[in-house]
Amino acid sequence: MDLGHDRPQVRAQARNVSPIVPRGQVAGRALVAVVAIMTFLASLTTGAVLLVSASASEWQSDVASEITIQIRPVAGRDLDRDSAAATEAVRAQPGIIETRMYTKQESASLLEPWLGSGLSLDELPVPRVVVARMQPGTTLDLAQLRARVVQAAPTASVDDHRAWIERMRAMTGATVLAGIGILALVVIATIISVSFATRGAMAANRPIVEVLHFVGAGDRYIANRFLRHFLRLGLQGGLIGGGIAMLAFGFSESIAGWFAGTAVGDQFVALLGTFSLRPSGYLVLAAQAVAIAAITAWASRRTLFKTLSDID
C-alpha cells in the first residue's frame, strides 16, 4: 500500500548499529567480572606451579651434583685424621672437581638451628662432614667411592642424596597435579557461569530472536551475534584477570624483599625462589587468558544452539 510518501532511505553505515544483545547490560558486566576472577585464580595457580617447578629443578640440580661424606667420632680414632683421609680419598675419585671439609666450629654451627647458639659441643659426638661437588654430567661409581672412603675412614658413610631427590620429584609432581586440578575446577566454573549467562541473555532477548526467526534468520546467524558478544566479554575478562595476575607476579619480587631476613620470607624464598617468573612464564599466562576467552566462546556457542533448538 502506497501512502504517497517516499520510503526513507537508510544509509549502509547506519544499518545494524544496535546489536541484538545490549553491550552494557548488567549480566554482561557481571560475566566479565566472573571471567576476570577465574582468569586471575587460574593465573595465580599456573604461576605458582611454574615457580615451584623451577625451584625444584634448581634444588635437584644442586643436590644431585653434591655428595656428602659423614665421619662419625669413635673412641680410639682420631676424627681429624679420619676426616682428612676421607677427603683425600674423595678428591682422588675421577669426576670430583671440589671437596670441602667442614671444621668442628662449622659442624657445630650447622646444629645451631636445632640446639641453639652458645652450647658447648665438646662432649657430644658431633660427626665431621665433607662435601664433594661432581662435574656436571658425570656419573660416579658410588660403590668404588664408598669402598675408598671406608678404607680411609672406617666410620665414614657416603650419601648421594637420592632419597632427597626422589622426595623433591614427588613434591613437584604433587604440586603440578594439584595445579591441574585447580585449573580444571576453574574451567568448569567458567563454563557453568557462561552457560547461565547465555541462557539469561537468550531469555531476555527471546522476542527479538523470535522476530528474527519470523523474518527468515537462521540459527547460525543469530548464534554468531551472541557468540561475538560473549567472545568479547571473555576477552575483556581474560585480559583484566590475566593482566592483574601478571602485575602481581611482576611486583612479587619487590614485595618479597620487604620480608627478606624474616623466617617467613626465608621459607617462601626457599620454596618459590625469588618469586620472579621467567619471560616464558608470562607468555604462558597470556596464552592461558586467551584460552579462557576461547572456552567462554565455546561454552556460549554450545549453549546457544541448544537454547535456539528449544525456541524453535
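Data overview
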item	result
Wholly enclosed helices (runs of 4 or more DSSP H) of the range 137-255 bearing at least 3 residues within 20 Å of Met38 (Cβ to Cβ)	162-204
Yes/no for Gly238 being under 30 Å from Ser193 (Cα atoms), modelled with pLDDT of 85 or more and among the small types (Gly, Ala, Ser)	yes
Selection from the range 196-211 of residues that are more than 40 Å from the chain's Cα centre (by Cα), surrounded by 14 or more Cβ atoms within 10 Å (Cβ to Cβ) and closer than 15 Å to Ser309 by Cβ	Val209
Candidates Thr296, Thr307, filtered to the one that is surrounded by 15 or more Cβ atoms within 10 Å (Cβ to Cβ) and modelled with pLDDT of 80 or more	Thr296
Verdict on Leu44 being in a helix (DSSP H, G or I) and either at pLDDT 85 or above or touching a Phe, Trp or Tyr at 6+ places or on another chain (Cβ under 7 Å) (or both)	yes
Selection count, the range 135-163, where residues are hydroxyl-bearing (Ser, Thr, Tyr) and free of Cβ contacts under 8 Å to residues at least 60 places away in the same chain	2
Selection status of Leu233, surrounded by 19 or more Cβ atoms within 10 Å (Cβ to Cβ), in contact with a Gly (Cβ under 7 Å, 6 or more places away or on another chain) and in contact (Cβ under 8 Å) with a residue 24 or more places away in the chain	yes
Residue within the range 133-140 that is in the same structural domain as Ala287 (by TED's automatic domain parsing) and either at pLDDT 75 or above or in contact with a His (Cβ under 7 Å, 6 or more places away or on another chain) (or both) present	no
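Residues checked against (1) β-branched (Val, Ile, Thr); (2) on the phi > 0 side of the Ramachandran plot; (3) modelled with pLDDT of 85 or more:
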position: Ile180; (1), (2), (3): yes, no, yes
position: Ala189; (1), (2), (3): no, no, yes
position: Gly200; (1), (2), (3): no, no, no
position: Ala217; (1), (2), (3): no, no, no
position: Tyr221; (1), (2), (3): no, no, no
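The values are calculated or read from the model by the stated rules, or taken from the named source; none is laboratory data. These numbers come from a predicted model, not from an experiment. Every residue, glycine as well, gets a Cβ built from its backbone with ideal geometry; the counts of neighbours run over all protein chains shown.
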